[in-house]
Amino acid sequence: MKRILLLLFVYLGCESPFSTEPTDDDIFAVSHNYKNEKIYHPSPVTLEWSNITIKKFKEFLVERSATYSDSIVWVELAHIQDSLQTSYTDTIDDDVTFQYRVRIVDQDDQFIHALSAPFVVPNVSSLKVPSHYDDPQTAFDSNFIDNGDTIKVYPGLYRGHFQFLDKDVTIRGITIPEITLFGGLNEIGSVVEINGGKLKGLTIIGGEALYGAGIWAKGNTVIQDCIIRNNRAKEDINANLQIYPNGMGGGVYLQDEAQMIESRVTRNFSNREGGGVITDGNNKIIRCKIDKNKIYARFPGNSFNSAGIHQVEGTLIIRNSIIRRNETTGSGGGLGVGGYTEVYNSLFIKNRATAGGGGILISSAGAADIINCVLYKNMSSASSGGWWGGSNFSGSIVMLGAMSVINTIAWQNLGGNDTRLYPQNSIYTDTDEFQFVSGEGNLNEDPMFVDSNRGNFVLELNSPCKNAGNPDDIYNNTNSSRNDMGIYGGPYGDDW
């Protein structure tokens, strides 16, 4: 044994270059104390290596590799000048494969090294807030969360301006009590900015921003089963370089391919357009309730205000949604269309606009297909309780852009001194209460709702609107019968 040790020290003390190959474990070895347990936080791992001495010692160089898919990345962790030190504690913060390497380096920068056994940190597919991390942002920023993973948020109030960017992650509220993300920090900015993944089961309140004060959703984001309330888009005279410096989209800003499903946007405010929602991409609003949103004031130069939903441009699909009791001092109480919009099986009820278009407003650049909808008791002080399309026009429906209204009921809307219909570049067929319009299948009689005052818009059995929709097969009810006019007819009539 003494002879072996003597030979070893003679070898290590010689002037010849070190081998760059890993050493024999009997000469120099590295070990770690990780026990292959699943971890959720950055956790310590202690390395130990053989205690040997070399001539002209310079340092121990400690390195770590991490394997991501097919690539291996080595990083330097420490340069240790104490020749007697034989351990080092690292922190691992990801669920990947790790390995350590320790080099003994001499003053000529020659070295020998040893490798630890590689180890795999078990995959973490979800984190819990607040048990694993204090808030959703810290959990999202963790290296343990990757594309396709989930953050489960348990009941509580979480303050901040949350940025969920560049990961396709689901942030999901758990259990019935309210899980609230609250802006309220006296700072300008959306409560949530997100460009992918999903928000589900959360309440978003207290945001104040130039646009999308509650949620600014980009990319392919899905907002599902959320409540967005009491947020405010405010004007900033010093924000000329921003996308919308005038305060738009008090509740939600949908951009790119973002969509909102089964959510409620309520009691949000804006200084200009879109008290509830603003869109400018290829967006969808499905089975949502947009209600009680308001525009604060009408400013000179406004094109239109659109208290409920304001589409700037792009394509918007609205389906099986309720747009109710939204209010503006300008125009377009429920919906304003600036691009192309398809609205299916949706209810516009008791929206208000001072200048015109209590229900729906179509701009000169806009076009819309309104299919199997109901407009009920929308009101404008100036003109057009149902639709409006620009100045110098009044009536129940007026538009400057193209518009198709099919299988739709407009009933008891109020519009100033003149409630007639003035079409331009539009087609109206099989639609109730469009007076003075020549169009096949149009009716002017009571649609006979079961109880519209209580929000029941089912048609009575002897309603003139039953089986009175467009006879084309593409509009048929789900049982293949002829289309019923109103929100319960057609291919999407059962999707409530």
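The values are calculated or read from the model by the stated rules, or taken from the named source; none is laboratory data. Since we're looking at a predicted model, the values are computed, not measured. Counting neighbours? That spans all protein chains shown, and the Cβs are built from the backbone with ideal geometry, glycine included.
Here Gly489 passes the criteria (1) more than 36 Å from the chain's Cα centre (by Cα); (2) more than 12 Å from Ala410 (Cα to Cα) except the one numbered (1).
The set of residues from region 297-327 being at pLDDT 95 or above, of a type in the set (Lys, Arg) and assigned to a loop (DSSP other than H, G, I, E, B) comprises just one member, Arg325. Tell me which residues, restricted to region 87-118, are within 18 Å of Ser65 (Cβ to Cβ) and surrounded by fewer than 16 Cβ atoms within 10 Å (Cβ to Cβ). Thr89, Thr91, Asp93, Thr97, Ala117, Pro118, listed by residue number. If we scan region 140-152, do we find a residue that is touching a residue at least 40 places away in the same chain (Cβ under 8 Å) and either touching a strand residue (DSSP E or B) at 6+ places or on another chain (Cβ under 6 Å) or under 30 Å from Glu235 (Cβ atoms) (or both)? No; the residues of region 140-152 include none that is touching a residue at least 40 places away in the same chain (Cβ under 8 Å) and either touching a strand residue (DSSP E or B) at 6+ places or on another chain (Cβ under 6 Å) or under 30 Å from Glu235 (Cβ atoms) (or both). Asp70 meets the stated requirement of being within 24 Å of Val169 (Cα to Cα) and either exposed (fewer than 12 other Cβ atoms within 10 Å of the Cβ) or more than 45 Å from the chain's Cα centre (by Cα) (or both).
Per-residue answers, yes or no, for (1) in contact with a helix residue (DSSP H, G or I) (Cβ under 8 Å, 6 or more places away or on another chain); (2) surrounded by fewer than 21 Cβ atoms within 10 Å (Cβ to Cβ); (3) not aliphatic (A, V, I, L, M):
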site	(1), (2), (3)
Asn293	no, no, yes
Asn305	no, no, yes
Leu316	no, no, no
Asp369	no, yes, yes
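Restricting attention to region 351-360, does a residue exist that is modelled with pLDDT of 90 or more, in contact with a strand residue (DSSP E or B) (Cβ under 6 Å, 6 or more places away or on another chain) and outside any strand (DSSP E or B)? Within region 351-360, none of the residues are modelled with pLDDT of 90 or more, in contact with a strand residue (DSSP E or B) (Cβ under 6 Å, 6 or more places away or on another chain) and outside any strand (DSSP E or B). Going by the conditions given, is Thr150 under 34 Å from the mean Cα position of the chain (by Cα) and β-branched (Val, Ile, Thr)? When the stated conditions are applied, Thr150 passes them. What strands (runs of 3 or more DSSP E), lying completely within region 398-496, carry at least 2 residues that are modelled with pLDDT under 90? It comes to 402-406, 409-411, 426-429. The residue that is nearest to the chain's Cα centre (by Cα), among those in region 73-86 that are surrounded by 11 or more Cβ atoms within 10 Å (Cβ to Cβ) and either assigned by TED's automatic domain parsing to the domain that holds Asp146 or farther than 11 Å from Arg101 by Cβ (or both), is Ala78.
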